[in-house]
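Heads up: the structure comes next, in structure tokens.
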Amino acid sequence: MSDPLVTDPAAAPGPPARTVPMTFQSARATLLGVLHVPAGPGRHPVVVVLHGFPGNERNFDLAQALRRAGYATLVFHYRGSWGVDGSWSWTHMLEDAARAVAHLREPEVGAAYALDADRLALIGHSAGGFAALMTAAADPGVTAVGSVAGFDFGTAAAACRSDPTTRAAYLDGWEGELLPLRGTSAQALVTEMEQAGDAWRLARLAPRLATRPVLLVGTGRDPVTPVGIHHDPLVAAYLAHPVRELEHCVFHTDHVLSDHRVALARTVVAFLDRYLTDVPR
């Protein structure tokens, strides 16, 4: 088999690969995304790639690698971000992730792009990792889920409640990220996180993820989601439950994996190949 990291796929019978603008409704907002459709007749397994806050890194390189590996891959913007309708909030992010999955399951969408929504995975980065795990936990139809440098909002909420200095640091840091967002503020985002509290603690999801494949990727040079706070305790909780098909690793890199993009793509493709396809590489 060709290596999807370095080789374009060989010509296949049937429709060519396509890159399709995709809009869908979430609440009253029209969300905008891009569906990367592989060549061939399908039915293609499906991956939703969820970006983080505010979405400077959208992981299109990962989406392209996944398409070359045979996965139809959707990247989209949550409401209130990057010119999309509505207002930004953590709750809206969760609602929009669930709505993206529901949209890809609609029969007319599956027929138009030869999708196999019975083989559907979520891969999220940072806040998107949180959204991926939360969405999968709430939706037993999600086949597999991966979190990359995932942000544990429940853990962060507890830290803010117990330490005013930590809370002030989140307020200051998030204030500087608001330019591509609308309808929110750093104060609103911290307050929403604190009010959700332990309901957004990712370790609590272990019972609902126990029977499905889960990938957790930590980042060892990362002040945003340091592994000792956001990764290691989650791995320990999932091993203890246990989440039987847990895979986990730590890359010595920054929050957006600036110098580990190929390693990330290889890790994600290999993980999905084990659980969404029987085709060896």
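Here, each number is a calculation from the coordinates, and none is a lab measurement. In this text, all values refer to a predicted model and were calculated from it rather than measured experimentally. Using ideal geometry, Cβ is built from the backbone for each residue, glycine included, and neighbour counts are taken over all protein chains shown.
Other residues with beta-carbon under 11 Å from the beta-carbon of Leu257 carry, at +1 per Lys or Arg and -1 per Asp or Glu, a net charge of -3.
Across Ala100, Ala210, Ala11, mean-square fluctuation computed from a Gaussian network of the chain (C-alpha pairs under 10 Å connected) peaks at Ala11.
What net charge do the residues around Leu133 carry, taking every other residue with its C-beta under 12 Å from that of Leu133, with Lys and Arg at +1 and Asp and Glu at -1?
Once positives and negatives cancel, what remains is +2.
Kirkwood hydrodynamic radius of region 79-159, from the reciprocal of the average inverse Cα-Cα distance over all distinct pairs: 13.6 Å. Here, region 117-183 is characterised by an Rg to Rh ratio of 1.10, where Rg is the alpha-carbon radius of gyration and Rh the Kirkwood radius.
Near Leu215, the amide H atoms lying under 5 Å from its own belong to Val145, Gly146, Ser147, Glu247; only residues 5 or more places off or on other chains count, and H is placed 1.01 Å from N. Modelled label positions at His252 and Asp232, each set 7 Å beyond Cα in the direction of Cβ, lie 1.6 nm from each other. Per residue Cα convex hull volume for region 18-276, in cubic angstrom? Normalising the Cα hull of region 18-276 by residue number yields 110 Å³. Taking the DSSP beta bridges with both ends in the chain, the antiparallel portion is around 35 percent. Placing unit charges on each Cβ (+1 for Lys and Arg, -1 for Asp and Glu) gives the chain a dipole about its Cα centre, and among Ala127, Ala111, Ala188 the Cα reaching farthest toward its positive end belongs to Ala111.
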